[in-house]
Amino acid sequence: MQERSWALRWRNPAFCKRLLYNALQRDPTPDPGNRPLQFNLSWLERWSGHFHAATRLADKAFSMMDQKQDPQGWSKLLVIKSVCVYSLGELSKADAILGESLEILGAEAHGRAGIEALTVLANMCAYHHDYEKALSKLQEAMAIADRLNLVYERSHILQTLSRIELRCGTVEAAIDAAKACLAVALKHRNAVNLPYAYEVLGAALVKAGELEEARTLAAKGLVAAQFSQDRRVACHLHYVLGLSLFEEQRFHEAQAELESGLLIAAEANYHHWTRNFYLKLSHTHEALEDHRNALGYLKAYVTLQQKMFTEETERQSNDFRNRLEFRLAHSKADYERELRTRTETLNAELRDANASLRDLNARIEFNALHDALTGVGNRRIMSKFFEPA
């Protein structure tokens with residue numbers, strides 16, 4: 001079932017999800033030697049924006065798998081968890097999980113198993129404005145996909161490339177990458193990446209001022225997202241629609257699209273996009289001269305931003321403290337180990353010195369009591385046997 005659903009999940013993720021859940025209900029016990037059904041389900045739930053469900057399924061799959069027997073599967077689950085916590089605003093935790101995934105892969109990071117990890121790493125680098133490193137990781141991932149002719153993965157890489165090029169400000173490059181992504185997704189009936197292809201192309205066209213075409217593509221993307229039941233990309237597409245309408249000063253229509261997107265983002269606890277919607281709705285209400293609601297959305301934006309910043313700061317502080325405590329414990333253990341080694345060495349040297357001293361004393365006593373030439377006992381040794389009366 002797991003293998004049969006592998007390609008199906010790209011072409012019809014909603015049907016594949018139902019199929020796997022039904023199979024899981026019939027027989028929750030995994031086949032010996034195979035990955036559990038929760039493995040694929042966590043991947044599907046992650047793509048549909050159900051981050052908490054994806055995390056729970058990944059944890060369940062972890063409990064049923066052996067890292068040593070399936071390091072690639074273990075790494076894939078870590079990537080899924082990394083994306084989920086990243087989408088929920090836990091950036092430092094996402095970095096740590098992704099780092100663990102790449103560490104487990106080792107040299108395999110340069111093969112098929114490393115494509116998704118490299119793509120997610122590129123996204124995180126772009127979030128931290130390290131665009132050069134982000135593009136380098138995508139080039140590495142694309143080289144692997146091209147070498148192995150992995151068409152589904154290639155579409156995902158192109159989608160990420162378009163998003164990063166747009167953040168860099170290279171709009172034409174973003175449009176080219178998005179068009180290539182859309183062409184690949186349509187050709188190979190990639191239902192997972194198709195709505196994202198429409199979304200990134202629409203976002204790039206908004207930036208280029210092609211607003212009507214952007215809305216046409218975003219509308220197609222919403223239909224594709226409905227087919228794949230992906231609420232995460234539906235949220236993105238509503239933002240593209242709202243932004244294009246805002247640029248044309250159709251503020252009431254923009255408000256409706258942005259509020260639809262906000263509802264999806266809030267239901268999914270998708271903090272990054274919830275924050276984006278709050279800010280854009282504040283601008284929209286300000287343009288409508290509805291200052292009360294504009295202020296309300298702005299306050300909601302500031303509150304969420306502060307909450308995300310505080311939680312991230314606390315996580316980073318806890319991570320730093322844990323790393324420091326680990327280093328201190330490690331240093332203490334190293335010191336105690338070195339002290340034991342030195343003590344043992346000194347004790348051994350002392351034992352050797354005592355033995356040498358005993359040998360030397362024995363030689364001195366022998367030389368004092370024996371003739372140096374013949375080795376026969378001299379007058380001193382005889383005096384030991386004939387004590388004066």
Sort out which residues of the stretch 246-260 are acidic (Asp, Glu), surrounded by fewer than 22 Cβ atoms within 10 Å (Cβ to Cβ) and in a helix (DSSP H, G or I), and write them in order of number.
GLU247, GLU253, GLU259
Over the stretch 126-152, the set of residues at pLDDT 90 or above, in a helix (DSSP H, G or I) and of a type outside the set (A, V, I, L, M) is TYR131, GLU132, LYS133, SER136, LYS137, GLN139, GLU140, ASP146, ARG147
Subset of the stretch 261-289 (residues that are over 15 Å from PHE246 (Cα atoms) and in a loop (DSSP other than H, G, I, E, B))
ALA268, ASN269, TYR270
Looking at (1) surrounded by 15 or more Cβ atoms within 10 Å (Cβ to Cβ); (2) not in a helix (DSSP H, G or I); (3) not charged (D, E, K, R), which is the one condition that is false for SER101?
(2)
Single condition ALA294 does not satisfy, out of (1) within 30 Å of HIS252 (Cβ to Cβ); (2) more than 45 Å from the chain's Cα centre (by Cα); (3) among the small types (Gly, Ala, Ser):
(2)
Determine if the stretch 53-68 includes at least one residue that is of a type outside the set (A, V, I, L, M) and under 21 Å from GLN159 (Cα atoms).
no
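Yes/no per residue for (1) closer than 20 Å to LEU279 by Cβ; (2) within 24 Å of the chain's Cα centre (by Cα); (3) assigned to a helix (DSSP H, G or I):
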site	(1), (2), (3)
LEU186	no, no, yes
TYR196	no, yes, yes
VAL200	no, yes, yes
LEU205	no, no, yes
LEU217	no, no, yes
VAL223	no, no, yes
ARG232	yes, yes, yes
VAL240	yes, no, yes
SER244	yes, no, yes
Of the residues that sit in the stretch 206-226 and are in contact with a Pro (Cβ under 8 Å, 6 or more places away or on another chain) and either at pLDDT below 95 or of a type in the set (Gly, Ala, Ser) (or both), which one is surrounded by the fewest Cβ atoms within 10 Å (Cβ to Cβ)?
ALA224
Which residues, counting only those in the stretch 75-92, are in a helix (DSSP H, G or I) and surrounded by fewer than 20 Cβ atoms within 10 Å (Cβ to Cβ)?
LEU91, SER92
Identify the residue in the stretch 153-175 that is among the acidic types (Asp, Glu) and under 21 Å from CYS125 (Cβ atoms) and, among all such residues, is modelled with the highest pLDDT.
GLU165
Could you go through the stretch 37-46 and let me know if any residue there is assigned to a helix (DSSP H, G or I) and closer than 21 Å to GLU312 by Cα.
no
Does PHE309 satisfy the condition of being part of a helix (DSSP H, G or I), closer than 18 Å to SER92 by Cα and modelled with pLDDT under 75?
no
Would you please name the residue that is farthest from LEU44 (Cα to Cα), looking only at residues in the stretch 153-184 that are of a type in the set (Lys, Arg) and either under 24 Å from the mean Cα position of the chain (by Cα) or in a loop (DSSP other than H, G, I, E, B) (or both)?
ARG167
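Yes/no per residue for (1) aromatic (Phe, Trp, Tyr); (2) within 20 Å of HIS271 (Cα to Cα):
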residue	(1), (2)
LYS81	no, yes
SER87	no, yes
SER92	no, yes
TYR127	yes, yes
GLU153	no, no
THR160	no, yes
CYS168	no, no
ALA173	no, no
LYS187	no, no
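The values are calculated or read from the model by the stated rules, or taken from the named source; none is laboratory data. Remember, predicted model here, so these are calculated numbers, not experimental data. Every residue, glycine as well, gets a Cβ built from its backbone with ideal geometry; the counts of neighbours run over all protein chains shown.
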